[in-house]
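Below: one structure, written as structure tokens.
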């Protein structure tokens, strides 16, 4: 019998047209930390905040898809929704409670990448 493989960290890779604008959005707007940058000029970055990790990759011809590229689980969706509004993030779907026990909304970053946000509702 084979020993099962233990999975470690997995992170969303977000393609961006302008890594400076996008990193400023996530760092200044959403309080992520820049933990790694590669290239000169920078073409790849790792951003972290608590357990959340995003990898930004420079893709000058990027066209954002019409579906979320990542799902972010938070403990206060209302607070993040307000924060996204305050920093000018485009709200794709407004905040609402889903019948499957999640308070959710979707926002887009400066490149149009959609992030689906959810908070587990306790009954």
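Remarks
- First in the range 1-30 and on the phi > 0 side of the Ramachandran plot and in contact (Cβ under 8 Å) with a residue 40 or more places away in the chain, second anywhere and surrounded by 15 or more Cβ atoms within 10 Å (Cβ to Cβ) and in a loop (DSSP other than H, G, I, E, B), Cβ under 7 Å, 6 or more apart: none
- Residue within the range 105-123 that is more than 27 Å from residue 9 (Cα to Cα), out of contact with any strand residue (DSSP E or B) (no Cβ under 6 Å at 6 or more places or on another chain), at pLDDT below 95 and part of a loop (DSSP other than H, G, I, E, B) present: yes
- Any hit, the range 53-64, residues being more than 21 Å from residue 116 (Cα to Cα), buried (at least 16 other Cβ atoms within 10 Å of the Cβ) and at pLDDT 95 or above: yes
- Here is the figure for the range 6-32: residues that are farther than 16 Å from residue 110 by Cα and surrounded by 12 or more Cβ atoms within 10 Å (Cβ to Cβ) total 2.
Here is a yes/no grid of residues against (1) surrounded by fewer than 15 Cβ atoms within 10 Å (Cβ to Cβ); (2) within 14 Å of the chain's Cα centre (by Cα); (3) free of Cβ contacts under 8 Å to residues at least 24 places away in the same chain:
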{"residue": "50", "(1), (2), (3)": "yes, yes, yes"}
{"residue": "68", "(1), (2), (3)": "no, yes, no"}
{"residue": "71", "(1), (2), (3)": "yes, yes, no"}
{"residue": "75", "(1), (2), (3)": "yes, no, no"}
{"residue": "86", "(1), (2), (3)": "yes, no, yes"}
{"residue": "93", "(1), (2), (3)": "yes, no, yes"}
{"residue": "96", "(1), (2), (3)": "yes, no, yes"}
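- Note on the range 33-47: residues that are in a strand (DSSP E or B) and surrounded by fewer than 16 Cβ atoms within 10 Å (Cβ to Cβ) total 6.
The values are calculated or read from the model by the stated rules, or taken from the named source; none is laboratory data. The structure presented is a predicted model; accordingly, all values stated were derived computationally and were not measured. All Cβ positions, even for glycine, are placed from backbone atoms using ideal geometry, and neighbour counts span all protein chains on display.
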